[in-house]
Amino acid sequence: MTAQGAATRFLPAGRTEAYQLLAQTAKLAASPVVSAVFQAAGGAVAILNEQRLIVAVNRPYLDLLGEGAPEALGLRPGETLGCTRASDGPDGCGTGPGCTSCGAALATVIADNCGRPEERDCTITVRRGERRVDLDLRVRAAPLDLDGERYTVLIVTDISSERRRQLLERSFSGDVYQRVAALRAAAAVLNEPNPAPEAVGQVRLLVQQLDRAVQIQRALVAGLGGHVEPVPRTVVIAEELSILAQTVDRSTAIRGRRLEIVQPPPGEVMVVDSAMLQHVLTAMALNALEATRAGGKARVDAELGPAVVTFRVWNAGHIPSALVHRIFQRYFTTRGPGRGNGTWSMKVVGEEFLRGEVGFSSSDAAGTTFWLTLPRRPFAHA
């Protein structure tokens with residue numbers, strides 16, 4: 001055994017000796033029971049021994065790991081998947097502080113201790129080459145007794161696409177509600193005697209925004225793996241910022257706070273899917289306002305270059321260093337249950353949909369600035 005008796009933050013340390021591991025893997029490879037389990041499961045399956053080491057896997061499990069993954073046998077599940085927290089504990093996967101909330105670890109220990117199947121959802125950050133990505137899994141663990149030895153069958157289903165679609169759908173649902181509120185406020189002006197032509201134009205733009213947001217919402221509901229192709233058109237940048245101001249002005253986040261818009265020169269244009277742009281800017285502005293003290297302000301400006309436009313949203317607060325690496329993680333929020341995913345969705349929409357770049361900087365002295373850089377004319381429409 002290795003690390004036997006080491007203090008851990010969750011599950012016990014200790015690993016099977018090499019000769020025992022070889023005997024177990026050989027026995028399970030020849031077992032008709034294991035073969036039947038693999039066939040019946042119909043998905044990715046790993047079988048763990050009492051030290052939670054993998055002693056048998058099927059082809060779908062190896063496919064789930066992807067190219068370049070380590071040899072699965074003799075490792076723990078998080079180690080094979082590339083979980084970034086797998087090395088945090090004294091004996092790898094299951095022994096670190098982050099493992100206490102891991103759905104896969106919880107399902108495994110409950111199945112082992114209670115002698116019954118247990119299913120949990122699990123979100124882990126994994127390494128994929130140079131990138132880190134969030135992987136959403138549904139894990140079902142069940143005990144298996146074989147020739148007097150106790151094993152755990154782990155059935156793993158990748159639900160990342162489903163979860164991604166659900167979160168984006170919910171995020172764009174919020175867009176629809178925000179735009180309805182802004183449209184209602186703008187339309188009220190039309191009831192006044194001799195409404196200004198600008199008011200009529202603003203209502204027209206808001207109707208277009210709402211229509212596009214509904215289209216995106218419908219496409220996400222229909223599936224499409226959580227991806228929607230942008231529909232670019234030429235927009236006036238100053239008008240986009242005015243729409244942002246009207247949208248945010250009707251949000252509860254603005255109460256007691258002010259959003260200052262630094263208007264760019266009139267007539268400056270770019271080619272972009274306006275609804276997607278508004279989604280990212282609205283998320284940035286609302287986040288900035290919610291991080292602003294009562295009586296304070298957040299600020300939006302746009303830096304115009306010949307080839308790109310950079311939108312910046314600033315507030316005076318700062319992000320604690322312990323949270324910086326988690327800002328764009330799926331599900332991460334500092335605002336309570338059911339109020340997260342804004343930063344994640346702005347990253348996805350800004351970079352994957354609009355082909356731009358989303359980032360932020362934060363310090364005590366300078367405050368926090370989120371930014372979105374976009375090409376003025378996307379390459380597909382140059």
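Among (1) outside any helix (DSSP H, G or I); (2) open to solvent by 10 Å² or more (accessible area, probe 1.4 Å); (3) farther than 20 Å from SER362 by Cα, which single condition is LEU259 missing?
Answer for LEU259: the failing condition is (3).
I'm checking my understanding of the structure. Among residues of segment 43-54 that are of a type outside the set (A, V, I, L, M, F, W, C) and in contact with a strand residue (DSSP E or B) (Cβ under 9 Å, 6 or more places away or on another chain), which one is most open to solvent (accessible area, probe 1.4 Å)? Steps first, please.
Here is the first cut: in segment 43-54, the ones of a type outside the set (A, V, I, L, M, F, W, C) are 43, 49-52.
When the remaining residues are screened for being in contact with a strand residue (DSSP E or B) (Cβ under 9 Å, 6 or more places away or on another chain), the result is 43, 49-50, 52.
On the way: GLY43: 21, ASN49: 6, GLU50: 130, ARG52: 31 Å².
Residue satisfying both the conditions and the ranking: GLU50.
Residue by residue through segment 334-382, note down the ones that are touching a helix residue (DSSP H, G or I) at 6+ places or on another chain (Cβ under 8 Å) and at pLDDT 90 or above. Full working, then the answer.
Here is the first cut: in segment 334-382, the ones touching a helix residue (DSSP H, G or I) at 6+ places or on another chain (Cβ under 8 Å) are 334-335, 341-346, 348-350, 353-358, 362, 368, 370, 372, 374.
GLY350, LEU354, ARG355, GLY356, GLU357, VAL358, SER362, THR368, PHE370, LEU372, LEU374, listed by residue number.
With respect to the numbered conditions (1) open to solvent by 30 Å² or more (accessible area, probe 1.4 Å); (2) touching a helix residue (DSSP H, G or I) at 6+ places or on another chain (Cβ under 7 Å); (3) among the polar types (S, T, N, Q), which one is the sole condition not fulfilled by SER87?
Only one criterion is unmet by SER87, namely (2).
Going through VAL280, VAL313 one at a time, which residue ends up being β-branched (Val, Ile, Thr), crowded, with 21+ Cβ neighbours inside 10 Å and in a helix (DSSP H, G or I)? Can you show your working first?
Values: VAL313 fails: in a helix (DSSP H, G or I).
One residue alone meets the criteria, VAL280.
Among (1) at pLDDT below 95; (2) closer than 24 Å to GLY94 by Cα; (3) of a type outside the set (Val, Ile, Thr), there is one condition GLN39 misses while meeting the rest; what is its number?
(2)
Could you pull out the residue among ASP158, ASP147 that is open to solvent by 60 Å² or more (accessible area, probe 1.4 Å), at positive phi and of a type in the set (Asp, Glu)? Give the derivation first.
Values: ASP158 fails: at positive phi.
When all the criteria are applied, what remains is ASP147.
So in segment 215-231, with the set limited to residues that are in a loop (DSSP other than H, G, I, E, B) and open to solvent by 40 Å² or more (accessible area, probe 1.4 Å), which one is modelled with the highest pLDDT? Write out each step before concluding.
Within segment 215-231, the subset in a loop (DSSP other than H, G, I, E, B) is 222-223, 227-231.
Filter once more, keeping what is open to solvent by 40 Å² or more (accessible area, probe 1.4 Å): 222, 227, 229, 231.
Numbers: ALA222: 63, HIS227: 69, GLU229: 84, VAL231: 88.
Here the residue is VAL231.
Could you check GLU50 against (1) under 16 Å from ALA142 (Cα atoms); (2) assigned to a loop (DSSP other than H, G, I, E, B); (3) in contact with a helix residue (DSSP H, G or I) (Cβ under 7 Å, 6 or more places away or on another chain) and say which number it fails?
Status for GLU50: all satisfied but (3).
Given (1) open to solvent by less than 30 Å² (accessible area, probe 1.4 Å); (2) over 28 Å from ALA23 (Cβ atoms), identify the lone condition not met by ARG120.
Going through (1) open to solvent by less than 30 Å² (accessible area, probe 1.4 Å); (2) over 28 Å from ALA23 (Cβ atoms) one by one, ARG120 breaks only (1).
Take the residues of segment 246-273 that are under 27 Å from the mean Cα position of the chain (by Cα) and modelled with pLDDT of 90 or more: which is farthest from ALA298 (Cα to Cα)?
Per the criteria, the residue is VAL271.
Out of segment 23-38, which residues are open to solvent by 50 Å² or more (accessible area, probe 1.4 Å), closer than 18 Å to GLY74 by Cα and either assigned to a helix (DSSP H, G or I) or not small (Gly, Ala, Ser) (or both)?
Hits for segment 23-38 are ALA23, ALA26, LYS27, ALA29.
Residue by residue through segment 262-277, note down the ones that are open to solvent by less than 10 Å² (accessible area, probe 1.4 Å) and in a loop (DSSP other than H, G, I, E, B).
Across segment 262-277, the qualifying residue is only ASP273.
Do we find that ALA111 is out of contact with any Phe, Trp or Tyr (no Cβ under 8 Å at 6 or more places or on another chain) and outside any helix (DSSP H, G or I) in this structure? Before the answer, list the steps.
Numbers: out of contact with any Phe, Trp or Tyr (no Cβ under 8 Å at 6 or more places or on another chain): yes; outside any helix (DSSP H, G or I): no.
When the stated conditions are applied, ALA111 does not pass them.
Going through segment 35-50 one residue at a time, which ones are free of Cβ contacts under 8 Å to residues at least 40 places away in the same chain and under 28 Å from GLY14 (Cβ atoms)? Lay out the reasoning, then the answer.
Filtering segment 35-50 down to residues free of Cβ contacts under 8 Å to residues at least 40 places away in the same chain leaves 35-36, 38-40, 42.
Result: PHE38, single match.
Tally time: how many residues in segment 165-180 are surrounded by fewer than 17 Cβ atoms within 10 Å (Cβ to Cβ) and either over 17 Å from the mean Cα position of the chain (by Cα) or not in a helix (DSSP H, G or I) (or both)?
3
Might you let me know whether segment 55-74 holds any residue that is in contact (Cβ under 8 Å) with a residue 24 or more places away in the chain, surrounded by fewer than 15 Cβ atoms within 10 Å (Cβ to Cβ) and assigned to a loop (DSSP other than H, G, I, E, B)?
Going through segment 55-74, the residues in contact (Cβ under 8 Å) with a residue 24 or more places away in the chain turn out to be 55-56, 61, 64, 66, 68, 72-74.
Now drop any that are not surrounded by fewer than 15 Cβ atoms within 10 Å (Cβ to Cβ), which leaves 66, 68.
Filter once more, so that each one left must be assigned to a loop (DSSP other than H, G, I, E, B): 66, 68.
For segment 55-74, residues in contact (Cβ under 8 Å) with a residue 24 or more places away in the chain, surrounded by fewer than 15 Cβ atoms within 10 Å (Cβ to Cβ) and assigned to a loop (DSSP other than H, G, I, E, B): present.
Looking at (1) under 20 Å from PHE10 (Cβ atoms); (2) open to solvent by less than 20 Å² (accessible area, probe 1.4 Å), which is the one condition that is false for SER101?
Just one mismatch for SER101, condition (2).
Give segment 190-214 a look and list any residue that's farther than 30 Å from VAL228 by Cβ and open to solvent by less than 70 Å² (accessible area, probe 1.4 Å), or say none. It would help to see each step written out before you state the result.
Filtering segment 190-214 down to residues farther than 30 Å from VAL228 by Cβ leaves 190-199.
Result: LEU190, PRO195, ALA196, ALA199.
The values are calculated or read from the model by the stated rules, or taken from the named source; none is laboratory data. Computed from a predicted model, the values in this text were never measured in an experiment. Reconstructed Cβ throughout: ideal geometry from the backbone, glycine too, with neighbour counts over all protein chains shown. Keep in mind that these areas ignore ligands, DNA and RNA; they rest on the heavy atoms of the full protein, side chains included. Shrake-Rupley method; radii C 1.70, N 1.55, O 1.52, S 1.80 Å.
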